[in-house]
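Please read the structure below before turning to the comments.
The values are calculated or read from the model by the stated rules, or taken from the named source; none is laboratory data. Every value quoted in this text rests on a predicted model; they were computed, and no experiment measured them. Note: ideal-geometry Cβ built from the backbone for every residue, glycine included; neighbour counts use all protein chains shown.
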Protein chains: 2
Amino acid sequence: MSPMCDSQTQQTFSDIGEKRFLQLIQAYLAREDAELIVGVGDDAAVISWESARVTVLTVDALVEGNHFPHRPRVDWFRLGRKSIAANLSDVAAMACLPRYVLVSLGVPADLMVSEALDLYRGMHSIASQYGVGIIGGDTVRSPLVMISVTVVGYKKDSGKLGRRSLCRPNEFVYLSGHVGASRAGLEILLDPKKGAGLSQGALHSLLGKHLDPVPRVELGLALGSILPNDFGMIDISDSLFNELSLMASASRVGFQICVDAIPRSQELLEYAKLANESALDYALFSGEEYELLFTTSLAPNDLEVALEREGISVPVTAIGRVTPEAGKIEWRDSEGRVLNFSDRTYNHFRGPHE
Amino acid sequence: MSPMCDSQTQQTFSDIGEKRFLQLIQAYLAREDAELIVGVGDDAAVISWESARVTVLTVDALVEGNHFPHRPRVDWFRLGRKSIAANLSDVAAMACLPRYVLVSLGVPADLMVSEALDLYRGMHSIASQYGVGIIGGDTVRSPLVMISVTVVGYKKDSGKLGRRSLCRPNEFVYLSGHVGASRAGLEILLDPKKGAGLSQGALHSLLGKHLDPVPRVELGLALGSILPNDFGMIDISDSLFNELSLMASASRVGFQICVDAIPRSQELLEYAKLANESALDYALFSGEEYELLFTTSLAPNDLEVALEREGISVPVTAIGRVTPEAGKIEWRDSEGRVLNFSDRTYNHFRGPHE
């Protein structure tokens with residue numbers, strides 16, 4: 001039985017995008033069962049083999065020309081790091097520990113072996129940094145380079161899970177680090193003129209945030225150990241705007257966000273000023289930030305103390321509250337004025353969301 | 001530190017192929033550690049989280065134009081089934097039970113949604129047939145369709161593992177089902193004239209073996225429960241010739257194979273006769289057969305009885321013995337004559353192996 005009407009079968013992916021496709025294939029996806037704690041629809045799937053160790057699994061694909069530039073304009077080492085980082089971030093967003101990865105690699109027959117080795121060196125450098133081992137994979141011929149990484153990890157026995165569906169009204173909304181710099185870095189990569197006038201330090205920092213993001217593995221684990229219950233969490237892989245909307249819909253809540261509280265780096269402010277753009281726009285619509293967005297009733301001071309006790313130095317900022325109004329995201333500035341934004345998150349099937 | 005000399009960094013993938021690449025990246029792959037029982041180099045990786053349930057993981061990628069025809073010449077439903085079957089077969093080759101899959105999918109923006117849904121329907125149909133759930137994935141834009149499937153499963157608590165490195169001298173070599181038909185089916189697909197003259201039944205059977213292979217999940221599990229120890233096993237994804245050589249090298253043994261004992265289907269014999277080709281060539285060099293090749297000291301009669309007791313109806317044939325001469329594969333016919341073959345397994349980076 002087709003889960004959709006005929007008119008839709010005539011559509012292409014550029015008509016419907018990934019989100020709608022995910023709805024259409026719901027019928028084919030596993031329901032949560034006795035062993036499957038979290039199925040499709042979160043940062044990672046969670047299984048519990050006979051209640052022993054709770055296992056977490058996630059996969060992400062990257063394709064040449066879409067997620068990274070066409071050859072030869074590729075920094076293979078950093079691409080290797082980033083392809084693993086994105087997946088470690090998904091495991092971090094479940095408050096779990098990543099342990100092993102499998103790498104499925106499509107390579108053109110004329111790819112230089114040295115390039116593929118640089119890619120593996122990059123993957124290995126970040127994997128070993130986080131105690132993660134590369135334990136399997138498949139290498140196939142493909143006209144373009146494509147990389148699909150699967151990560152498996154587990155929840156620490158006494159730890160709590162972070163899930164996008166667990167935000168509760170009145171909780172605080174927190175964001176780690178700062179957002180917006182990744183899009184600025186991407187713009188400079190695509191058009192180096194845009195970086196002219198920036199200090200060397202700012203240039204380096206913006207490019208680094210895009211090319212070599214830091215997955216918040218320690219923070220995610222610390223939250224899993226600090227918080228008393230499973231809690232609301234997601235990582236910023238698309239955009240803060242988009243991830244808030246995903247959390248709202250999964251948790252059936254709303255958010256009131258103070259836009260002035262959203263953390264932006266000095267380097268982003270410097271870039272936005274030079275470009276005569278709004279740094280807030282970058283903060284709201286930049287993807288691939290890999291910061292953690294989470295909710296808890298723990299007040300900012302208490303959270304700060306608890307994180308310090310766990311040895312976490314990454315800053316965490318309260319940017320708003322969870323509200324009971326399902327799906328409603330209210331943006332306010334620090335003077336209480338309500339602001340409106342339309343979604344300008346990049347959609348890789350169609351360009352910016354309309 | 002580069003694990004290779006400079007001349008090799010100037011090489012491309014078509015110069016070195018996948019096998020050599022795997023050697024070059026050894027330094028970046030995880031060694032077997034306290035939790036990692038089997039790392040890179042078998043059909044699947046095996047991990048043991050605090051000795052509770054032994055988890056098995058494997059990934060396989062398929063790319064349009066390489067592993068399946070270019071659009072629109074694709075039977076999406078069957079492709080979905082096959083992409084999962086290939087991975088279930090890898091788990092079967094470890095004598096483990098597949099439980100969940102993650103699907104990473106690259107799709108062109110102009111792909112019809114109905115095509116992708118047929119793919120998912122196919123994946124779901126075989127997954128549910130084997131009690132396997134689709135629990136995660138990623139859908140990204142890509143100029144060509146590419147599918148990467150990760151399977152996770154586990155070893156039954158009292159079960160034994162099948163590993164390609166565990167063949168021991170004097171054991172019998174067994175093969176499930178029959179081999180050769182998949183290549184015949186592929187040839188007919190590529191050039192339907194080659195199927196002219198075949199009976200409808202033979203045509204259907206040869207095409208089916210290529211397009212809709214049956215992973216030997218029940219047989220793999222039954223062997224894990226029958227045999228007293230972990231044992232030698234691999235599945236035929238490349239070719240019998242190639243897999244014997246992989247097992248020989250992983251187990252540091254040799255094989256004496258009786259070519260006349262290698263099971264070939266009636267349909268393959270019919271096809272080979274019409275084409276005036278040697279059915280043995282098909283049996284030795286056909287890939288994507290997904291039959292199990294395994295070794296044990298259990299004699300044919302005893303094995304047959306034990307399998308029958310487990311309710312296994314798939315035929316299993318003794319085709320030779322394990323010898324102590326590492327790497328030496330000796331082919332004999334039923335009259336004892338020694339035969340020589342050069343490797344004609346298809347290498348997707350370079351065409352047939354030289």
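Computed values, structure above
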| item | result |
| --- | --- |
| Output for segment B:92-110, where each listed residue is of a type in the set (A, V, I, L, M), crowded, with 22+ Cβ neighbours inside 10 Å and facing chain A (nearest Cβ under 7 Å) | B:Leu102, B:Val107 |
| Condition met for A:Tyr282 (among the aromatic types (Phe, Trp, Tyr), buried (at least 17 other Cβ atoms within 10 Å of the Cβ) and farther than 27 Å from A:Leu219 by Cα) | no |
| Checklist (1) more than 21 Å from the chain's Cα centre (by Cα); (2) at the interface with chain A (Cβ under 7 Å from one of its Cβ atoms); (3) in a loop (DSSP other than H, G, I, E, B) applied to B:Asn66, failing item | (1) |
| Per-region count, segment B:1-48, residues modelled with pLDDT under 75, over 22 Å from the mean Cα position of the chain (by Cα) and charged (D, E, K, R) | 5 |
| Breaking point among (1) more than 10 Å from chain B (Cβ to nearest Cβ); (2) without any contact (Cβ under 8 Å) to a residue 60 or more places away in the chain; (3) not aliphatic (A, V, I, L, M), for A:Asp75 | (2) |
| Those residues of segment B:229-275 which are of a type in the set (Phe, Trp, Tyr) and within 17 Å of B:Gly162 (Cβ to Cβ), in sequence order | B:Phe231, B:Phe255 |
| Of all residues making up segment B:178-199, the number that are among the aliphatic types (A, V, I, L, M) and part of a loop (DSSP other than H, G, I, E, B) | 3 |
| Filter pass, B:Asp118 being charged (D, E, K, R), part of a helix (DSSP H, G or I) and within 21 Å of B:Gly39 (Cβ to Cβ) | no |
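Matching residues to (1) aromatic (Phe, Trp, Tyr); (2) surrounded by 17 or more Cβ atoms within 10 Å (Cβ to Cβ):
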residue: A:Ala272; (1), (2): no, yes
residue: A:Asn276; (1), (2): no, no
residue: A:Glu304; (1), (2): no, no
residue: A:Arg309; (1), (2): no, no
residue: A:Trp331; (1), (2): yes, yes
